[in-house]
1. Looking at region 7-211, what % of the alpha carbon pairs are farther apart than 21 Å?
2. Just add up the charged neighbours of Asp16: K/R +1, D/E -1, any other residue whose Cβ is under 15 Å from the Cβ of Asp16.
3. How much of the DSSP beta bridge set in region 7-211 is antiparallel, as a percent to the nearest 5?
4. Which longest uninterrupted range of the chain lacks any chymotrypsin sites (Phe, Trp or Tyr not before Pro) assigned by DSSP to a loop state (not H, G, I, E or B) and surrounded by at most 16 other Cβ atoms within 10 Å?
5. Give, as ranges by residue number, the residues of region 295-314 whose backbone N falls under 14 Å from the point 7 Å along Cα→Cβ of Met281.
6. Counting Lys and Arg as +1 and Asp and Glu as -1, what is the net charge of the other residues whose Cβ lies under 9 Å from the Cβ of Trp91?
7. I need the phi-derived Karplus couplings for region 331-336: 6.51 cos²θ - 1.76 cosθ + 1.60, θ = phi - 60°, integer Hz, Gly and Pro marked x.
8. With θ set to phi - 60°, apply the Karplus curve 6.51 cos²θ - 1.76 cosθ + 1.60 along region 310-317 and write out the HN-Hα couplings as whole Hz, x wherever there is a Gly or Pro.
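The values are calculated or read from the model by the stated rules, or taken from the named source; none is laboratory data. Since we're looking at a predicted model, the values are computed, not measured. A quick note on method: Cβ atoms are made from the backbone with ideal geometry, for glycine too, and the neighbour counts reach across all protein chains shown. Keep in mind that these areas ignore ligands, DNA and RNA; they rest on the heavy atoms of the full protein, side chains included. Shrake-Rupley method; radii C 1.70, N 1.55, O 1.52, S 1.80 Å.
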Amino acid sequence: MPRLETKLLTPDQMADAVRLLQAGEVVAFPTETVYGLGANALDTDAIAKIFAAKGRPSDNPLIVHVYQRSQIHQIAGPWDSDAGKLMNAFWPGPLTLVLPKQEVVPVSVSGGLATVAVRIPSHPVALRLLEESALFLAAPSANVSGRPSPTRAEHVWNDLHGRIAAVLDGGLCGFGLESSVVDCTEKPFRLLRPGGVTLEALQACVSGVIDGSSAAASDEAPRSPGMKYQHYAPTAAVTLVIHDPQLRLLRARVETAQSLGQRVGAMVVSENVALVPAGAMVLDMGPRDDLSRIAQSLFHLLREADAYSLDAVFVEGLPETALGRAIMNRLRKAAGGRILNGHETQGADER
Ligand code: TXA
Ligand code: MG
């Protein structure tokens, strides 16, 4: 693809971003979850540029971002009244609803599916961009496919400069993980990707939302095409260590990797920083009880592993409830299959 002169824009240069989007170009912009890579959702040439810039497989559909609820029927519908309840409760915000697609939405946006994923973001810069451009913006996370999602403009720049028209810098993303994706085309509704709105909060709003994102559920054919791809991975080999409260297993693995001459990192909660073996790089996730802070720092820390040219990173697992579900979902994916269980190896460890 031709090399572009990527502009770095501030929010007071919004008019430039609007012009580029209206001309069919791709512009990265901040949302409350992660940065999105936006283009006119109804323009197939513009959509093709998103897939090319990211190196994204064409069967992985995009989320369409919308300014206000009254516009949704132009691209999606009809929907169940429970979907309306979710919209009322969580929009604008980090929730994406999968709905029946209207004809105008190109099949390249929906990855060939008869459905379209829709969300109204709450970030003021994203909302202004949607309002001033008067466009529906298709936007996947603004990373090269497979890399950790970007939570700062510099992450987008590092991945995509030269490949997109502009990056609109809105500072740090407040939440730091992607939106929750809920399939509302069939009852019971199914959580396809845990994210900014927890399963517990969804279930409190409408009865019978089921978790379709767990390890067990992913044995079925994936409903959300994105679930089958390797994700969120830095160049360093990530290993997730679960059920290891004293970090006995994690410490042992760090030391083994060090003895092989590797540059090693340990990503742990603040309370456990002192347990990390000397010489290993500490990636401090934040206090154990502050899951919001851990969510916000997660993708940045995974990128730090590359900034420090680490060969291996060992990550402490967290309880999989509330926000912990979204955090662990991203860590499991970053680890590919490399998951160690302290319960299973305890006997061997004890000897
Ligand atoms: O927070 C977010 O959702 C961010 C910001 C920019 O809005 N966007 C984002 O997009 O994370 P992306 O493309 O990285 O992830 C979208 C996920 C993928 O797993 C994709 O497979 C799924 O949503 N998805 C999109 N359309 C779908 C559809 N029609 N049916 C099922 N899953 C869909
Ligand atoms: Mg993504």
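1. Value for region 7-211: 47 percent of Cα pairs lie more than 21 Å apart.
2. Net local charge, Asp16 excluded: -2.
3. Among the beta bridges of region 7-211, antiparallel pairing accounts for roughly 55 percent.
4. 1-228
5. Output list for this probe position: 300-314.
6. In short, +2.
7. 5, 4, 5, 4, 7, x
8. For region 310-317, the Karplus-derived couplings read 6, 8, 9, 10, 10, 10, 6, x Hz, x marking Gly and Pro.
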